[in-house]
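Trainee: Have a look at this one.
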Amino acid sequence: MSPSISGPRAAAIALLLAGLVSGCSGSSSGPEKTAPSATGRTEAPSASPSADTGAYRRWGLDAPLAAPPAAPAVKVTDGMKPGEEPKIVRRVDTKDKVVFLTFDDGAEKDPEFVKMTKDLKLPYTMFLTDDIARAGRGYGYFEQLKDGGNTIQNHTISHPNLRTLSPDAQRHEICGQQDRLEKRFGAKPPLFRPPYGNYNDATLTAAGSCGVKAVVLWEATMQINDMRYAEGDKLRPGDIVLAHFRGPQELKGTSMTKMVTNMLRSVQKQGYTVARLDDYV
């Protein structure tokens, strides 16, 4: 178990979390770049014959999510050379009726979320900030989530607005977290999400220099009860959904598992299912 956090460091983390609640899901910005398409099936997926209907009902869903189609033969980052500038991925170019769930920072460490995602065999991707993920239960909590087959990716050391930092400071935030995650989990993450979605050319240079292949942004954000969309009023094939590790204090009394149930209900209602981002990017 990680040691408890107290004193000035605890205060600093509390201030950081307050900033995350108000601004982490702000509109992403940076130089425009286009990711190549990921080819997939065109038909809507059918329900998984091996899905545990009872588990879905236990977590407030009326039916299991449909099984995702087979992963594409070619991923967005296939063929990239070491040190190459990362791709910018806001949404995956696919006709598959799938969306991708991502959870940021690591503030809430709810044991029920571990049970939920294992029961539902839910695919998702975690982008962790070191200062936040280490607090409380620490990285051991995320190892439990990783055991379900999901991956841990980079969200900087301390969650700064990277566009306000020098190139060297950006490199410290990005590559420093690459090194910490490699030491903890055995490999440098290929995906990176800049805090607040803010980045510039120096961000891309720093990220590419330490093994990042794609900078992952988003097209939809999960609120407490439903989603907010960057374009239009509904999901589109390949949308990346941004959510956070949050608990009742930040969610106005709603638990993280209830928020995720609301998110999955919205995905199902719109005729989509959930696939693993790493399989496409």
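Trainee: Past 20 Å, Cα to Cα: identify those pairs from Lys115/Lys258; Lys87/Lys269; Lys75/Lys188; Lys109/Lys258; Lys121/Lys258; Lys75/Lys118, in the order given.
Mentor: Flagged as over cut-off: Lys87/Lys269; Lys75/Lys118.
Trainee: Can you pull the accessible area of Ser266 for me, 1.4 Å probe, Å² to the nearest 10?
Mentor: Accessible area of Ser266: about 10 Å².
Trainee: Report the gain in length on full extension from Arg58 to Glu112: 0.36 nm times residue separation, minus Cα-Cα distance, nm rounded to one decimal.
Mentor: Separation in residues times 0.36 nm, less the Cα-Cα distance, equals 18.3 nm.
Trainee: Taking the Cα-to-Cβ direction at Lys234 and at Lys269 and moving 7 Å from each Cα, how far apart do the two end points lie in nm?
Mentor: 1.3 nm
Trainee: Okay, next question. Could you work out the local net charge near Met259, counting Lys and Arg as +1, Asp and Glu as -1, over the other residues with Cβ closer than 12 Å to its Cβ?
Mentor: Net charge in that neighbourhood comes out at -1.
Trainee: Stretch Ala187-Ala73 to full length: gain in nm at 0.36 nm per residue minus the Cα-Cα span?
Mentor: So the chain would gain 38.7 nm between Ala187 and Ala73.
The values are calculated or read from the model by the stated rules, or taken from the named source; none is laboratory data. Nothing here was measured: the structure is a model prediction, and the numbers come from that model. No Cβ is skipped: glycine too gets one built from the backbone with ideal geometry, and neighbour counts run over all protein chains shown. Just the protein is used for accessible areas: all its heavy atoms, side chains included, with ligands, DNA and RNA removed. Shrake-Rupley method; radii C 1.70, N 1.55, O 1.52, S 1.80 Å.
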